[in-house]
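The values are calculated or read from the model by the stated rules, or taken from the named source; none is laboratory data. Worth saying up front: this structure is predicted, and the values here are computed from it rather than measured. With ideal geometry, Cβ positions are generated from the backbone for all residues, glycine too; neighbour counts draw on all protein chains shown. Only protein heavy atoms, including side chains, enter the accessible area calculation; ligands, DNA and RNA are left aside. Shrake-Rupley method; radii C 1.70, N 1.55, O 1.52, S 1.80 Å.
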Amino acid sequence: MDSQIYGGGNLLFVFFFIILVFTSTAFTEENRAVAGSQINSNSVLVALLDSHYTELSEMVEKALLLQTLEEAVTRHNITIFAPRNEALERDLDPEFKRFLLEPRNLKSLQNLLLFHMIPSRIEVGKWPAPVNGKPARHASLCHDSNGERIQLQEKNGEKIVGIAKVVKSDDIIRPDGIIHGIERLLVPKSVQQEFNARRSLSSTAAVIPEGAPEIDPRTHRLKKPAPVPAGALPVLPIFDALAPGPSIAPAPAPGPGGPHGHFDGEGQVKDFIKTLLYYGGYNELADILVNLTSLASEMGRLVSEGYVLTVLAPNDEAMAKLTTDQLSEPGAPEQIVYYHLIPEYQTEESMYNAVRRFGKVKYDTLRLPHKVVAEEADGSVKFGQNEGSAYLFDPDIYTDGRISVQGIDGVLFPPEEITVAKSAPIATKIVSKPRRGKLMEVACSMLGAVGQASSFSGCN
C-alpha cells in the first residue's frame, strides 16, 4: 500500500512538471511575439527612412504606410526595390506625380509603393533563376494589383526588375530585409489604368467645339442647335447657365453633361465638400453651401454641364468675423459665395505663376460684374486689396480637373462695398422750420397791404 501511494506521488510530480514546462514555453513564445512586434533601430524600415532614398521615404510617409510596413517586417523578411531620387524627382511625369499626391488617390499611391516590395529576402548572390526558360515572378506586398507579379531576370550580367535595371545591388542590408537601388519607378497596371482614366477625362474636357453657333440674344437659346461632341466645352458662358432669378430663365448650356452623363457634377461637388469636412477648418463654408443655400446643387449642375470652377474657400476663423448685418440681408450668403467662385480651373501653381509673371491678375467671378484681384505677396498669392485682402492659406485642398478648392484666410468683398462701408455718412438731425397755414398767410398778406404786418410776430 505504501508503494502504491509512493507511485501516485511520482505521477503527480510528473504531471505538475509537464504543466510547468508547457506554461513556460507558452510564456516564452508570447514574449517573443511581443518583442518581434517592436521595430528596433537595426530594421530595414528604419534604414530606408534614414537612407539616401529621400524621395521614396517621403512618399512612404505621405502614403501612411509606416504601420503596414512595420507589420510586414515583423512577419517576414522583405526586399525593397528603391528607385533613385532622380527617377522620382526629375524623370517622373509631372502630371503622374500630381495624380499620385492628390488626397483622393491615396490608395493608388499605396499600391504603387507596395508593388516595389517583396515579402521574401532576395540577395544579389541568390538571384532567382529562370523557370522553364521564363523569368521568375514574385508576388509583391500590393494585394490590389489584380494578381500582377514582379518579374526578376538577369541579362548580360545585369539584374533587371520588371523594366528597371538594378543600379545598386545589396545597397542596404539588415537582418529583417534588404534594399536594392533601381534606375526607375515600377508602375503596376492597376495604377496606370486609373491614371489613364483620369487623364482621358481631363483631356476630353479640353476639346474645343468647332464653329460658333448662333444664339438668340432675347431668349439666350440656340437658333440652330449644333451637335456638340462628347466632352466639348459648353457653348453658352457660365453666367447664362446660372440659376435664374425672377426674370426669364436662361436656357441650359448644351454641354456634355445632363442626359448624356459625361460628367458627374453632383458626385464631384459631394467629394469636395467631404474633403472640406475631413480637411478641417472649413465647416462654415460647407454649411452655407449645403444647408443655408442651394449653391451645392447649383455647382453640381454647372459641373455636369461641362463648366469648371475654382473655389476660394474662407476658413472658419475668417467666416466667424462676418457680422449679422452682412448675412441677414436677402441673398447675402449667395452673393458672398458667388464672389469666391472663379469660372476657371486654377491651381496654386498656375495662380502663383500668373501673379509672378504679370504682377496683378484680375479673375472673373460669378458675381457680375465684379472681379477679384490677385497679386504676389510674401511668396504666396494675395487676393483683394488693403484691409479686405486674403492670402492663399491652404493650397490645393481639392483638385480633380473640374473643381479646384483653394483655402484663404479671409472673406473677400468687392472694393465698392468696402469703400461704401468706410465712407457711410453719419446721419444728422435736420430741424425743419414750421410752416404757416393758409389762413395765416392770407391774414399776413392783408396786414402787409396796410403796413401793419411787422406788428405781429407770426408774420415775421
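Round to the nearest 0.05 the FRET efficiency obtained for T54 and N132 when R0 = 25 Å and r is the Cβ-Cβ distance.
0.05
Distance between the 7 Å Cα→Cβ label points at D271 and S294: 2.6 nm. Between the C-alpha center of segment 266-344 and that of segment 99-135 there is a gap of 42 Å. Rounded to the nearest 0.05, the FRET efficiency derived from the C-beta distance between K168 and R356 at R0 = 56 Å is 0.90. For the pair K321 and A377, label points projected 7 Å from Cα toward Cβ lie 1.1 nm apart.
Modelled spin labels at E102 and T74, positioned 7 Å past Cα toward Cβ, are 3.5 nm from each other.
D91 to E349: FRET efficiency via 1/(1 + (r/R0)^6), r the Cβ-Cβ distance, R0 22 Å, to the nearest 0.05?
Efficiency computed from Cβ-Cβ geometry: 0.65.
Counting only protein heavy atoms and a 1.4 Å probe, segment 40-186 has 50 square angstrom of accessible area per residue. Residues whose amide H lies under 5 Å from that of S140, counting only those 5 or more places away or on a different chain, are I150; hydrogens are built 1.01 Å from N in the peptide plane. Working ranking of peptides 265-275, 152-162 by packing, defined as the average number of other Cβ atoms within 10 Å per residue, highest first, is 265-275, 152-162. Less than 5 angstrom separates the built amide H of Q153 from those of I160, G162, all sequence-distant by 5 or more or on a different chain.
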